[in-house]
Amino acid sequence: MRNDPAWNKARALPRSHKQQRAQAFSALRKKYHFSEYELHEYATSARVSWIADHIDSTMAQTLATRAYQAVNRVCVGKAKRLRFRSKGRGIDSVEGKRNDVGMRFVCDPNAGDGGFLIWNKEVIPAIIDWRDPVVQHGMRHPIKYVRLVRRKASSPQAQGADKGSNRYSVQLVLEGHTFVKPKHEEGGKDTIGLDIGPSTLALVPRRAKADLVTFCQELSPNASKKRRLQRKMERQRRANNPDNYDEKGRVKKGRRTWKESKRYQASRRQQATTERRLAAHRKSLHGNLAHRIASVGNTIAIEKTSFKGWQKQYGRSMGLRSPGVFVAHLARIVAKTGGTLHEVSAYKSKLSQYCQKSGQYHKKPRSERWHRCECGLGPVQRDLYSAFLIAHLEPEQTTPSITQHVWEGAEPRLRAVMEDLQQRANEGEPFPRSMGVSASGKAARARARRLKSPAYLHQEPVSPSGESGNGG
């Protein structure tokens, strides 16, 4: 379809002619039968022989939808290539479309904590914690469809794991609204501006207390331990596959068969378990921060950011703190509580360069973390000032309208945030350089003189008679 000359003609149409472009691309998709429903028909016809004994028609359609979405991302330029699942690796989740045919979940109140996953001839009892209020809330709603999920455990000896170190769980997709904990029912009504960075977050409401925090500051991955484990895995890999490397130790070109020893598989599981625990801790920290923001206000404004572009510049920080995942988590929580989250175009507003007192734009390098203007405004921390401007920016505007009275009420709050951070920095707490905070000269010299380990005076042994051990 993309090799057809009509494809380039459709792409050459101006983007302002939306209807003509849509009709041209739609005609090409129809000509080459490239649509989700065409793939559904193919999946139904391909479900023969032994495949029909394991995969019903509804599950085949969901697998076809997953395949179409992957191919369509490549077609529209959102992805570069497809990733195929190997026979040994398989897929980690399957789901149906209804709960009356194929794979389905049946609740049986007469069986104690009864619940059964029925898939073909298999009837698998589920372990349900009915004391959990989230489970109780969910089980009161009708079940739309069921998803079976496979996740890796730390070892085959882990609780609930099979011989392949896998755990299995059932996800029920239900009708209705999600459960909201009592402590999260009453949210704030303020308007909040957020300035998100690769490792920091500036939070400035219109009336409440402002803050400047480090994303997932509690995360503390052991980098040296991770490097040692990766080197160990590479040594095991080279020892098991000496023919796959040339005389200089490089992997030979072409398709290779890789052997895996049991010790290598154990090392790989150890690495996967470490990353899984780190991801779970990060998700918990994201949730706590998102609920904290939602408790202050339900109208949140952020700058539209390309997190994929940040990955090229701040790869290590993005991999550890995942601000893009946090924004998605925050959007779900705000929507669940009835609030709104809207994005501001950073290209049009340029709030990090704007001065609300003079009404002018001053381009600043990224290393300049404080806003100072010739009109007398400042110094004020750059991220906090941008968040303050976003909080007072209406959705349809590109420049905020802020009176002198509003700025005089907000300036002490922003100054108090930086004074607190400066005090914590002087006490020895580390902060990212993007915050623009560093320990004072006196505190830095005191830490430099501080010994890494306490020095104790050497005491001579004392004999039972009370005389010193050196005979004196």
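The values are calculated or read from the model by the stated rules, or taken from the named source; none is laboratory data. Since we're looking at a predicted model, the values are computed, not measured. We place every Cβ from the backbone using ideal geometry, glycine too, and count neighbours over all the protein chains shown. Each accessible area value is taken on the protein alone, full model and side chains, heavy atoms only, with ligands, DNA and RNA left out. Shrake-Rupley method; radii C 1.70, N 1.55, O 1.52, S 1.80 Å.
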Dimensionless Rg over Rh [the range 89-201; C-alpha; Kirkwood]: 1.08
Computed E for residue 311/residue 108 - FRET, C-beta separation, R0 35 angstrom, nearest 0.05: 0.15
q = 0.08 Å⁻¹: log10 I(q)/I(0) that the Debye formula gives for the chain, counting C-alpha atoms only: -0.78
Electrostatic dipole magnitude of the range 387-430 [Cβ: Lys, Arg +1; Asp, Glu -1; Cα centre; debye, to 20]: 40
Total charge dipole magnitude, the chain, about the Cα centre, Cβ charges on Lys, Arg, Asp, Glu only, Debye to nearest 20: 2620
Computed E for residue 240/residue 150 - FRET, C-beta separation, R0 35 angstrom, nearest 0.05: 0.85
Sorted peptide list for 74-83, 356-365, criterion being average Cβ within 10 angstrom, highest first: 356-365, 74-83
Close Lys-Lys pairs in the range 1-127, where close means Cα under 27 Å and separation is 8 or more or interchain: 19
Pairwise Lys count, the range 303-360 - Cα closer than 30 Å, eight or more residues apart or different chains: 12
Residue 340-residue 438 FRET efficiency (beta carbon distance; Förster radius 35 Å; 0.05 resolution): 0.40
Square roots of five times the Cα gyration tensor eigenvalues for the range 69-130, Å: 36, 13, 11
Probe 1.4 Å - accessible area at residue 235, Å² to nearest ten: 150
Amide H within-cut-off set for residue 192, under 5 Å, with H built and near neighbours excluded: 299, 300, 301
Rounded accessible area of residue 438 (nearest 10 Å², 1.4 Å probe): 80
Debye log10 I(q)/I(0) for the range 1-51, one point scatterer per Cα, at q = 0.19 Å⁻¹: -0.68
Surface accessible to a 1.4 Å probe, per residue, for the residues of the chain, Å²: 67
Backbone N within the range 256-279 under 14 Å of label point (7 Å from residue 226 Cα along the Cβ vector): 271-279
Options 19, 356, 77, ranked by Cα towards positive dipole end of the chain, top entry (Cβ charges): 77
Ratio Rg/Rh, restricted to the range 101-166 and using Cα atoms, in which Rh is the Kirkwood radius: 1.00
Distant-in-sequence amide H partners of residue 126 (H built 1.01 Å from N, under 5 Å): 115, 116, 117
Other-chain or far-sequence residues with amide H under 5 Å of residue 166's (modelled H): 153
Accessible carbon and sulfur surface of the range 25-101 relative to its total accessible area, %, 1.4 Å: 55
For the range 384-418 and the range 130-165, distance of Cα centres in Å: 46
Solvent-accessible area, 1.4 Å probe, carbon plus sulfur percent, for the range 283-422: 49
